[in-house]
Amino acid sequence: MNQFVEESISSEEEENVQEEIQFENESSENEEIEEFTEINKQKLENKKIQYLKVNVPIHRIKSLKENWDKIYTPIVEQNLLQIRYNTSKRDVEIRTSNYTKDINALQRSADFVHAFCLGFEIEDAIAILRLDNLFVDSFNILEVKFSLKGDNLSRAIGRIVGQGGKTKYAIENATKTRIVMAGKMVHILGTFNSVKYARDAVCDLVLGTPPGKVYNKLRVISSRLSERF
């Protein structure tokens, strides 16, 4: 009797699934597929000029002047944008030109300059122009643990960096990211998943987790990332 009931229920479920599939197929056939017209080249050529500004901190002005050629070349020659440094406002101003082809070139270039101004090396920041899935995540250590003050705050920063930068380099190599410590602020450059792993490791260190446990987690993370790539 139970077998008969189970068979009847399973047959009813199959019929319901088949009816749903038929209904979806009929609805998809009845739906009209929207056809988008091609973008006219004249509209792209006659598009408005867009601007973006990136403020430069005082302590990064000297390094900006020293590396101006490395910043200027990929933005102007590769992305076909226009760039200048406004000395009165301490802003790097970037705008599109009539020769700009990529729509996302302006935002990428601004992110590239912003990453350099945060303290990243020019060789690391320029990867933002070449890869689509890179971004910079910034957060304050006090957001993780608000009660940090005085010596406790300096100890938390010391745990993140480690002796001679050992801990910071271990996090960077395991998660394939780049980390910049600027006082209470932590800046992380990488992909979404990599930044998440690096941020979790930094937060664990701020909360007082022993470095040994963090290293063990980083080993597992590095093995996962190596399997993906």
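Numbers at a glance
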{"quantity": "Residue count, the stretch 187-199 (criterion: surrounded by fewer than 19 Cβ atoms within 10 Å (Cβ to Cβ) and either in contact with a Lys or Arg (Cβ under 8 Å, 6 or more places away or on another chain) or in contact (Cβ under 8 Å) with a residue 40 or more places away in the chain (or both))", "calculated": "3"}
{"quantity": "Only one of K168, K184, K217, K213 that is buried (at least 18 other Cβ atoms within 10 Å of the Cβ) and either assigned by TED's automatic domain parsing to the domain that holds I58 or among the basic types (K, R) (or both)", "calculated": "K168"}
{"quantity": "Residue satisfying all of: in the stretch 194-229; in contact with a helix residue (DSSP H, G or I) (Cβ under 8 Å, 6 or more places away or on another chain) and polar (S, T, N, Q); nearest to F146 (Cα to Cα) among these", "calculated": "S194"}
{"quantity": "Restricting the stretch 103-161 to residues that are hydroxyl-bearing (S, T, Y) and exposed (fewer than 15 other Cβ atoms within 10 Å of the Cβ), the residue that is modelled with the highest pLDDT", "calculated": "S138"}
{"quantity": "Breaking point among (1) in contact (Cβ under 8 Å) with a residue 40 or more places away in the chain; (2) under 18 Å from G119 (Cα atoms); (3) basic (K, R), for R219", "calculated": "(2)"}
{"quantity": "Of all residues in the stretch 140-152 being out of contact with any Lys or Arg (no Cβ under 7 Å at 6 or more places or on another chain) and in contact (Cβ under 8 Å) with a residue 12 or more places away in the chain, the one that is farthest from T175 (Cα to Cα)", "calculated": "L148"}
{"quantity": "Residues located in the stretch 91-133, provided they are of a type in the set (V, I, T) and assigned to a helix (DSSP H, G or I)", "calculated": "V113, I122, I128"}
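The values are calculated or read from the model by the stated rules, or taken from the named source; none is laboratory data. The shown structure was predicted, so the numbers you read here are calculated from the model rather than taken from an experiment. Cβ: placed from backbone, ideal geometry, glycine included. Neighbour counts: every protein chain shown.
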